[in-house]
Each structure stands twice: as structure tokens, then as C-alpha cells.
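This report concerns only the one structure given below.
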Amino acid sequence: MISNPVPWPNGARCAAAITLDMDADSLLHLAHPKDSISRVSAISMLRYGPEVAIPRILETYRRFGLRQTFFVPAWCIEQYPRAIEAMLADGHEIAHHGYIHENPREGTREEQHYWLKRGIEVIERTTGKRPRGWRAPLYNFSDHSTDLLIEEGFVYDASLMGDDVPYVLHTGRGELIELPSHWGLDDWPPYVHSLDLDYVMQVMAPERAIEGFEAEFEAMWEHGGLWVAIWHPFVSGRLARWRAVERLIGHMLAKGGVWFAPLEDIAAHVRRCVDDGSYEPRVDHLPYYSAPVSATR
Ligand SMILES: [Zn+2]
């Protein structure tokens, strides 16, 4: 069903990555700049991510021998240094997720470039390396994002939803590897219920939520795709939910033929395969449109 499966390393059937976006309370300050600091309950819910969930998640990864990717807004890197130091001590990738989870689509090209560079500086100062990858806050990938990422030397993006396998984003300025996922692998729809974040869903039992994530994995395993979970420490890192995640990881590893890797390794592998001709990706030329689409004449 996938016309161009990727030749994954060591004959693996599929590649898999759990990406955790550690947004913490950046979301709240952005949503309610006037009174965010008085919303104590919401702050406590969001701080659960760096304070309680991250140590738990890292312990699981150590036990399973996994190295993975964390997307962290630079403001959260500055605000929660202990969580970041722990991620780095275990060799995980820290990738770019905006400065304070700002919406790139609301700014001019210059403003977008400013926040991108500000995030790069913080990541470089903290990790000793420039970031290789980016995920747009709330999937708000803009018309300028591809060019700005290429200009700043990024290797991959992980914000788009256009395929089951990695593909290439091409503009006049160059190209970028896209590592796609979709809302079906995001933990907000099954779990997040917060009046302060204007996002109210009927909270699902962990078994039901994991059932959906697992179905996505089984299909990727069968057909050679890329499974990228987009989860959040304050959401999936809660006790019952993370216990269900541990069971899922155990199942995936026991099944075999799964290449679990941080996105930077997956992007580097895809880049090599494209360059040596062993993988022919689909190429999306951006922007998709150069003028508004309208039914008026
Ligand atoms: Zn986010």
C-alpha cells in the first residue's frame, strides 16, 4: 500500500519515534498573557511535565535502551534546566519548537526568523550543537518556514502530515527532509481537557487511546512506514497513561523489525538513502499556492 517504502537500517520493517513536545506552561502564558500567572491550577498541570513526567519518561527509556527526540520551546529550556540536563545526560536529541510556542503564521517573515534564531541560540548554548530539526508550535508551519529552516541549516522538519513515509520539501532555496505524522498520533485529542487552554475533550481511557496509536503502528510495520508519536509530558506522562505507553513500547520491541531512533538519526538515514539513490522520495514543491484560492471571479 506504500509505493516507495524506505530501506530502513538492518532490514527493519519500519521506523518508529516517540517525540515528546515539552511545552510546559509556555502554552498558558501565550493564551492568557494578562493573567496567566494567577492560573495556578493550570500552571501546576503543565509543570507536571518537566517536574514529574520527564524523570519518569527518561527512566523508561533507560530501561528499554531507547534514545529519542524532545521538542522543547527555548523558553522552557531556560525555565526548566534540570529536565533538560537529564535529557542531555542520557543522550537524547533536543530539537527546536519555537521560542515560547509562538505562532509563526501570525508574524512577518522577519519576526519568524527572529524567533527561530533566538531558539537556535538557546539550543546551541545549552546542548553545544545547533538544532537539526524543527516542529512548528501547534503545527503552525508557515509559507516562510521551509526557506527559513533551509537558511538556518536545518536537516528536517516534523510538522507536516503529507505522507506515511519521509518525503522532501523543495523550494527555490533548497530542500528539507519531512518526517511526517498526523493528529491520529497526537495525544491531545484523546486526553487534553483544560478550560484554561480552551481545549475540552471527553478524556479517553489510556487503553482506548493506546489502541489507536497501536493500530497506526501495526499498519506502519506491515507496510514499511514511519511511525512518529506526537505526545506531551504533561499529557502522556501521567501515571496510568505512561504505564500504557510502557506496555506499547514492550510490544513494539518484542514484535521485532522496528528501528526506534531519534528523528535526527532517521533524517540522516533518509538523507543518505536519497543521496545514494536507494530511496526515491516524493517531492512536495512549496509553497503549494502563490495566490489565494477563491470561487469569486
Ligand atoms: Zn507544542
Open item on the list: If Ser41 meets every condition in (1) under 25 Å from Gly225 (Cα atoms); (2) more than 16 Å from the ligand (Cβ to nearest atom); (3) polar (S, T, N, Q) apart from one, which number is that one?
Closed with: (1)
Open item on the list: Just to check your reading of the model, which residue among Ile77, Ile54, Ile43 is farther than 26 Å from Ala268 by Cβ and part of a helix (DSSP H, G or I)?
Closed with: Ile43
Task: Selection status of Leu263, in contact with a helix residue (DSSP H, G or I) (Cβ under 7 Å, 6 or more places away or on another chain) and either farther than 23 Å from Asp143 by Cα or in contact (Cβ under 8 Å) with a residue 24 or more places away in the chain (or both) - done: no
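Here is a yes/no grid of residues against (1) more than 22 Å from Val274 (Cα to Cα); (2) in a loop (DSSP other than H, G, I, E, B); (3) open to solvent by 10 Å² or more (accessible area, probe 1.4 Å); (4) within 16 Å of the ligand (Cβ to nearest atom):
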{"residue": "Tyr99", "(1), (2), (3), (4)": "yes, yes, yes, yes"}
{"residue": "Glu102", "(1), (2), (3), (4)": "yes, yes, yes, yes"}
{"residue": "His113", "(1), (2), (3), (4)": "yes, no, yes, no"}
{"residue": "Arg118", "(1), (2), (3), (4)": "yes, no, yes, no"}
{"residue": "Glu121", "(1), (2), (3), (4)": "yes, no, yes, no"}
{"residue": "Arg125", "(1), (2), (3), (4)": "yes, no, yes, no"}
{"residue": "Asp143", "(1), (2), (3), (4)": "yes, yes, yes, no"}
{"residue": "Asp147", "(1), (2), (3), (4)": "no, no, yes, no"}
{"residue": "Gly153", "(1), (2), (3), (4)": "no, yes, yes, no"}
- [ ] Tell me which of these Arg67 doesn't satisfy, since it passes every other one: (1) open to solvent by less than 40 Å² (accessible area, probe 1.4 Å); (2) part of a loop (DSSP other than H, G, I, E, B).
- [x] (1)
Task: Number of positions in region 1-38 that are over 18 Å from the mean Cα position of the chain (by Cα), buried (at least 19 other Cβ atoms within 10 Å of the Cβ) and part of a loop (DSSP other than H, G, I, E, B) - done: 2
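The values are calculated or read from the model by the stated rules, or taken from the named source; none is laboratory data. What you see is a predicted model, and the numbers here were worked out from it, not measured in a lab. Here Cβ is always computed from backbone atoms with ideal geometry, including for glycine, and neighbour counts include all displayed protein chains. Please note that ligands, DNA and RNA were not included when accessible areas were found on the heavy atoms of the full protein model with its side chains. Shrake-Rupley method; radii C 1.70, N 1.55, O 1.52, S 1.80 Å.
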